[in-house]
Amino acid sequence: MPSLRDIKKRISSVKNTQKITKAMKMVAAGKLRRAQAAILAARPYAQKMEEVLASLASRAEADSHPLLRIRPPKKVEIVLLTSDRGQAGAFNANVIRRAQRFITENAGKYEKIELSTLGRKGRDYARRHKLSMRKDYPGIFDGLTFDRADTIAKELIAHYVEASLDQVFLLYNEFLSAISQRVSLIQLLPIVPRKVKDGAPHPTDYIYEPSEAEVLDALLPRHLAMQLWRAMLESQASEFGARMSAMDAASKNAGKLIGSYTLEYNRARQAYITKELMEIVSGAEALK
């Protein structure tokens, strides 16, 4: 049985850990508020732009723009968004597991599946399991800006136009609430036209000014950058929410552990006092 001193050391250690987890929870909560405001501001624009571009793509010919051109998919890339830090529950594990499942299920369908990673956890997993990687974007979530999303989008567009990539997928955690995230896998390239329902009339053609090619050339790259930007914001907000929940659970578990150790300490102390009283009584009886 551990001594009273050992139990007190354990209680002190757990209390110190609880202080850290509570502080981390407060920091994550503060960052979550800012990240949530950013994603709620960007989401309506990104969704409407996606809707407009899907509508335009359904009216345009497949050869009217390189980003609409569909090729037989041979070389595929997954843009994987994870975090740079851990202690966020299953945030990273869920999205990495989905990437691994996609690779396993489609190993015979495509000639080559590569990863581009945004976040240290995804990069470390790919290197540890020797997965094919095209590029890693380190420190992307340190001071997140739209310019970074735009740079990555331009690079993906260049690879797609050069036919070094046939399909590009985006895999990230979509923010639902502070305690809930959903893994989302969407196709970035080629841009998918909106499907026309059976029996519905064919979409009416637009009159473009200055021209269809110029309009698509201006909108499609921006649409791609906006989808990447939205995914980055979603992933960042999801990370802070997951970390806040994980630290809250850790703080509660530490409280339970402190209660358990305190009870053990009180029992050991009571046993020690009882033992001393019995020794005193026994000594007094022996002197009679």
Next on the checklist: Between the stretch 228-274 and the stretch 150-194, what is the separation of their alpha carbon centroids in Å?
Outcome noted: 35 Å
Checklist outcome for this item: Everything considered on the Cα gyration tensor (a ≥ b ≥ c; rounded for a/c under 1.5, else prolate if a/b is larger than b/c, else oblate), the stretch 34-155 must be described as oblate
Checklist entry - Hey, in the GNM for the chain with a 10 angstrom Cα cutoff, which one of Arg120, Arg71, Arg267 fluctuates hardest? => result Arg267
Item to check | Whether the stretch 100-146 is rounded, prolate or oblate, judged on the alpha carbon gyration tensor where a/c under 1.5 counts as rounded | outcome: prolate
Checklist outcome for this item: Calc'd 3J(HN,Hα), the stretch 100-114, phi into Karplus 6.51 cos²θ - 1.76 cosθ + 1.60 (θ = phi - 60°), Hz, glycine/Pro = x, comes to 5, 5, 4, 5, 5, 5, 10, 4, x, 7, 10, 6, 8, 10, 10
Checklist outcome for this item: Between the alpha carbon centres of the stretch 34-112 and the stretch 1-23 the gap in Å comes to 45 Å
Next on the checklist: Leaving out ligands, DNA and RNA, and with a 1.4 Å probe, what % of the accessible surface on the chain is carbon or sulfur?
Outcome noted: 55 percent
Checklist outcome for this item: By the C-alpha gyration tensor axes a ≥ b ≥ c (rounded if a/c is under 1.5, else prolate when a/b exceeds b/c, else oblate), the shape of the stretch 1-103 is oblate
Checklist entry - Non-local amide H neighbours of Ile78 (under 5 Å, H modeled in plane, Pro and chain starts lacking H): which ones? => result Glu114, Leu115, Ser116, Phe169
Checklist outcome for this item: SASA check, Arg182, accessible area w/ 1.4 Å probe, all protein chains in place, rounded to nearest 10 Å², comes out at 120 Å²
Item to check | Heavy-atom accessible area per residue - the chain, 1.4 Å, Å² | outcome: 56 Å²
Next on the checklist: Run the reach check for Lys109 against lysines, Cα to Cα strictly under 19 Å, same-chain hits fewer than 8 apart removed. What comes back?
Outcome noted: Lys74, Lys75
Next on the checklist: Can you show me the helix-derived [θ] at 222 nm for the chain, built from DSSP H runs with n ≥ 4 at -39,500 (n - 2.57) apiece and divided by the number of residues, rounded to the nearest 500.
Outcome noted: -22000 deg cm²/dmol
Next on the checklist: Students often forget the sequence filter, so: which lysines lie under 30 Å Cα-Cα from Lys25 once same-chain residues fewer than 8 apart are removed?
Outcome noted: Lys8, Lys9, Lys15, Lys121, Lys252, Lys256
Item to check | J(HN,Hα) series, the stretch 218-232, from Karplus relation 6.51 cos²θ - 1.76 cosθ + 1.60, nearest Hz, glycine and proline x | outcome: 7, 8, 4, x, 5, 4, 5, 4, 5, 5, 5, 4, 4, 4, 5
Next on the checklist: For Cα Rg over 2.2 N^0.38 Å, pick the label among (i) 1.01; (ii) 1.69; (iii) 1.50 that corresponds to the value derived from the coordinates.
Outcome noted: (iii)
Checklist outcome for this item: Partner aspartates and glutamates whose C-alpha sits under 14 Å from that of Lys31, ignoring same-chain residues fewer than 8 away, are Asp142, Glu234, Glu239
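The values are calculated or read from the model by the stated rules, or taken from the named source; none is laboratory data. These figures come from a predicted structure and were not determined experimentally. Remember, those area values only see protein heavy atoms, side chains included, never the ligands or the DNA or RNA. Shrake-Rupley method; radii C 1.70, N 1.55, O 1.52, S 1.80 Å.
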